Amino acid sequence: MTHESPQQAPGANRVETFGCRLNAYESEVIRGHLDAAGKSGTIVVNTCAVTSEAERQARQSIRRLARENPGAEIVVTGCAAQIDPARYAAIDGVTRVVGNEEKMQAGTWSDTAPPAIHVTDIMEVRETAAHLVSEFDGRARAFVQVQQGCDHRCTFCIIPYGRGNSRSVPIGAIVEQVRALAAGGYREIVLTGVDVTSFGGDLPGRPSLGQMMRRLLALVPELERLRLSSVDPVEIDEDLFRLIADEPRLMPHLHLSLQAGDDMVLKRMKRRHLRDDVFRLVERVRALRPGTAFGADVIAGFPTESDAMFENTAALLTDLGIQHLHVFPYSPRPGTPAARMPQVPGDIRKARAARLRDIGAANLESWTAGLVGRDDRVLIEVDGAGRGESFAPIVLEAGPAVAAGTVVPVTLLGVEGGRLIGRPWIRAAA
Ligand code: SF4
């Protein structure tokens, strides 16, 4: 869970972003609407509800912003506001609360007499409009929304109640957005959504995610690097497998919405995959595209998780050498079925999360060590550092500065402080 708090010129609008890449994308849309509405000094907090910690941090930020900006217009939006608008409207200093659908509408920000709470039933929303974003504040890669909401109901998850049911962005709009960003200089695009593998189910002809991506890459030849955000391990379509195998512009890096590695826990989470499915998927992808790296979201201490069940998760992560691990200690979300199950004590959740993070760190360390001597292409993010094609952390060997957003071909010389040292093939001018 990230929190973005951009530096501010006096009188400028400010958008604080919590949570996922989809929220980061939407914050850019809101920033555009604020500018178009001629707003100044408006503060927007785009919240996340995925864990109680995310909500606590958002409320803390709202109170701090209200203290530091007396009299400013403070608007709270995002999943936490969508799910419990009254709670956020009651915080001192909050001017109004806006829902997840309403935050994307220009009229919401140009309204001169808006209601204190402007939140409609997100489950009623059937379509997701596309919004053209031209810039991602201070970012080297751009996020493009292709899908919104989720039709699944995993027992621990609050997201569908904040984002509604699944709906896809039309392919034409995705192509237009990616073309605009590539023309604006973005060399890497990350396709994002809530449940991207369900892309297309609501569109005419039900195009799959893989079909959409193949058309996108064909229609935007100038796009250098395409990356996928999180995918469901058992919902990858055959077109996407073919792309993984034969499309060099699709980055060899898959982030799995794994959640656990024990079948009983997965059943109680109402996930669609079992342990063996994950082994089969990783083995198949590594055969199709050797060198592919994997990331995964994993929950530690899900209700009823025994020591033996936990060990199954730890063993899966170790056996598969999952490199980019995001670990969350289970966080009970009010209104979800898992919150009513027998809970694992908090200290055990934390200890298990720490153990999984150690496994992730060890996997990452041995993987990066194995990359020394190879070549890669690094997208520079800041201060000569960035990510390779399989998302390896790389920093350029000392030399002239290279602009953020540049893609630099390198040879990997060694590892320092957990990052690979890359020697550029050619010294790029700043
Ligand atoms: S797939 Fe499950 S975890 Fe993911 S957003 Fe949907 S309900 Fe939540």
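The values are calculated or read from the model by the stated rules, or taken from the named source; none is laboratory data. A quick note: this is a predicted structure, and the numbers were derived from the prediction, not measured. So basically every Cβ, Gly included, is an ideal-geometry build from the backbone, and we count neighbours across all protein chains shown. Just so you know, the surface numbers come from the protein's heavy atoms only, side chains and all, with ligands and any DNA or RNA stripped out. Shrake-Rupley method; radii C 1.70, N 1.55, O 1.52, S 1.80 Å.
Suppose we filter Asp246, Asp239 for residues that are without any contact (Cβ under 8 Å) to a residue 40 or more places away in the chain, out of contact with any strand residue (DSSP E or B) (no Cβ under 6 Å at 6 or more places or on another chain) and open to solvent by less than 60 Å² (accessible area, probe 1.4 Å); which single one remains? The match here is Asp239.
Being surrounded by 24 or more Cβ atoms within 10 Å (Cβ to Cβ), more than 10 Å from the ligand (Cβ to nearest atom) and at pLDDT below 95 holds for only one residue in Ala180, Ala142, and it is Ala142.
Assess whether Gly291 counts as being exposed (fewer than 15 other Cβ atoms within 10 Å of the Cβ), not assigned by TED's automatic domain parsing to the domain that holds Ala80 and not in a helix (DSSP H, G or I). Judged against the criteria, Gly291 is a match.
Picking from residues in the range 182-231 that are of a type in the set (Gly, Ala, Ser) and not in a loop (DSSP other than H, G, I, E, B), the one that is farthest from Arg272 (Cα to Cα) is Ala183. For the range 124-139, does any single residue satisfy the condition of being among the hydrophobic types (A, V, I, L, M, F, W, C) and over 20 Å from the mean Cα position of the chain (by Cα)? Yes - at least one qualifying residue is present in the range 124-139.
Number of residues in the range 148-174 that are more than 9 Å from the ligand (Cβ to nearest atom), of a type in the set (A, V, I, L, M, F, W, C) and open to solvent by 10 Å² or more (accessible area, probe 1.4 Å): the value is 2.
Taken over the range 210-235, the criterion of being under 26 Å from Val378 (Cβ atoms) and either within 16 Å of the ligand (Cβ to nearest atom) or touching a residue at least 60 places away in the same chain (Cβ under 8 Å) (or both) is satisfied by Glu224, Arg225, Arg227, Leu228, Ser229, Ser230, Val231. Here Thr77, Thr95 are screened, and the one residue that is within 29 Å of Val382 (Cβ to Cβ) and either over 17 Å from the mean Cα position of the chain (by Cα) or crowded, with 17+ Cβ neighbours inside 10 Å (or both) is Thr77.
Please go through the range 407-420 and pick out each residue that is open to solvent by 30 Å² or more (accessible area, probe 1.4 Å) and either hydroxyl-bearing (Ser, Thr, Tyr) or under 15 Å from Arg141 (Cβ atoms) (or both). Matches in the range 407-420: Thr411 only. Considering only residues in the range 187-209 that are more than 16 Å from the ligand (Cβ to nearest atom) and touching a residue at least 60 places away in the same chain (Cβ under 8 Å), the one that is farthest from Val220 (Cα to Cα) turns out to be Val190.
Quickly run through the range 376-402 and pick out the residues that are assigned to a strand (DSSP E or B) and either farther than 26 Å from Phe294 by Cα or of a type outside the set (Lys, Arg) (or both). Lay out the reasoning, then the answer.
To start, the set of residues in the range 376-402 that are assigned to a strand (DSSP E or B) comprises 376-382, 385-387, 393-396.
Matches in the range 376-402: Asp376, Val378, Leu379, Ile380, Glu381, Val382, Ala385, Gly386, Pro393, Ile394, Val395, Leu396.
Listed by first and then second residue, the pairs with beta-carbon distance under 6 Å, at least 6 apart or on different chains, first residue in the range 278-292 and at negative phi and hydrophobic (A, V, I, L, M, F, W, C), second surrounded by fewer than 16 Cβ atoms within 10 Å (Cβ to Cβ) and in a helix (DSSP H, G or I), are Leu288/Ala245.
Among the conditions (1) more than 26 Å from Val190 (Cβ to Cβ); (2) modelled with pLDDT of 95 or more, Ser52 misses just one, which is (2).
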